[in-house]
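Undergrad: Submitted below is the structure of interest, expressed as structure tokens.
The values are calculated or read from the model by the stated rules, or taken from the named source; none is laboratory data. This one's a predicted model, so the numbers in the text were calculated from it and none came from an experiment. In this analysis, Cβ positions are derived from the backbone assuming ideal geometry, glycine residues included, and neighbour counts consider all displayed protein chains. Surface areas here come from the heavy atoms of the whole protein model, side chains and all, with no ligands, DNA or RNA. Shrake-Rupley method; radii C 1.70, N 1.55, O 1.52, S 1.80 Å.
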Amino acid sequence: MDSLDHMLTDPLELGPCGDGHGTRIMEDCLLGGTRVSLPEDLLEDPEIFFDVVSLSTWQEVLSDSQREHLQQFLPHFPEDSTEQQNQLILALFSGENFRFGNPLHIAQKLFRDGHFNPEVVKYRQLCFKSQYKRYLSSQQQYFHRLLKQILASRSDLLETARRSGPALPFRQKRPSPSRTPEEREWRAQQRYLKVLREVKEECGDTALSSDEEGE
């Protein structure tokens, strides 16, 4: 914000006010790490806000370098980027809805509600840190419970294996050699016939099926 620093920090030309002392109530705002003082009326009165933040201000008050600096924060387009940005600026200042509202209208409401007050910003950051710590704590508790469940399940499986009779010799599973499509089809057919015979035995069916007859 170097090109706009003097706009944010130079004293404003304030006229006489109702209190007779030539002063106005100012409010501090924290904008992207920069602390500025703005008139309370500007923040709370939408009419005054949009008289200042307007297309005429953009075209007649800001310098070319200031406009170029602000245009860096606008979307960039693959074709006719400058023209597209100019149309976007016109839509912005005309109050057009950008799916979720107009950014300037949203900003005015945030200023009015004190969203940029330094104390509010500080409190919001503390709340975010607190919520993140709670999130980390809940994740830690979740993985701790999950680890306990895994260890308990592993212990149960080992105990079941220990009680399931004499230990069987460990056989290492070797990768099966590659087979031709005919061999794979024959083995699948044999497994199918074996399962079919077992089902027929359980049902008491002694008749041969067409598949078994052709075996």
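Undergrad: Looking for something part of a loop (DSSP other than H, G, I, E, B) and more than 30 Å from MET26 (Cβ to Cβ) - is there at least one such residue anywhere in the stretch 53-76?
TA: First, the residues of the stretch 53-76 that are part of a loop (DSSP other than H, G, I, E, B): 53-54, 62-63, 72-76.
Cutting the leftovers down to more than 30 Å from MET26 (Cβ to Cβ) gives us 75-76.
Looking for residues that are part of a loop (DSSP other than H, G, I, E, B) and more than 30 Å from MET26 (Cβ to Cβ), one finds at least one in the stretch 53-76, hence yes.
One line per residue, one yes/no per condition, for (1) free of Cβ contacts under 8 Å to residues at least 24 places away in the same chain; (2) open to solvent by less than 90 Å² (accessible area, probe 1.4 Å); (3) within 30 Å of the chain's Cα centre (by Cα):
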position: LEU88; (1), (2), (3): yes, yes, yes
position: ASN117; (1), (2), (3): no, yes, yes
position: LYS122; (1), (2), (3): yes, no, yes
position: LYS129; (1), (2), (3): yes, no, yes
position: ARG134; (1), (2), (3): yes, no, yes
position: GLN141; (1), (2), (3): yes, no, yes
position: HIS144; (1), (2), (3): yes, no, yes
position: LEU147; (1), (2), (3): yes, no, yes
position: ASP156; (1), (2), (3): yes, no, no
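Undergrad: Over 18 Å from GLY95 (Cα atoms), of a type outside the set (Phe, Trp, Tyr), open to solvent by 70 Å² or more (accessible area, probe 1.4 Å) and assigned by the TED database to the domain that holds GLN108: which single residue out of ASP64, ASP51 fits that description?
TA: Details: ASP51 fails: over 18 Å from GLY95 (Cα atoms).
That would be ASP64, the only listed residue that is over 18 Å from GLY95 (Cα atoms), of a type outside the set (Phe, Trp, Tyr), open to solvent by 70 Å² or more (accessible area, probe 1.4 Å) and assigned by the TED database to the domain that holds GLN108.
Undergrad: Okay, next question. Which helices (runs of 4 or more DSSP H) does the stretch 108-215 wholly contain that include 3 or more residues that are at pLDDT 80 or above? Explain how you work it out, then say what you get.
TA: Working: elements: 118-163, 181-203, 210-213.
Filter on the stretch 108-215 gives 118-163, 181-203.
Undergrad: Also, quick follow-up: Tell me the residue from PHE93, PHE111 that is open to solvent by 50 Å² or more (accessible area, probe 1.4 Å), within 24 Å of PHE50 (Cα to Cα), touching a residue at least 24 places away in the same chain (Cβ under 8 Å) and in contact with a helix residue (DSSP H, G or I) (Cβ under 7 Å, 6 or more places away or on another chain), please. I'd like the intermediate steps shown before the answer.
TA: Details: PHE111 fails: open to solvent by 50 Å² or more (accessible area, probe 1.4 Å).
Checking each option against the conditions leaves just PHE93.
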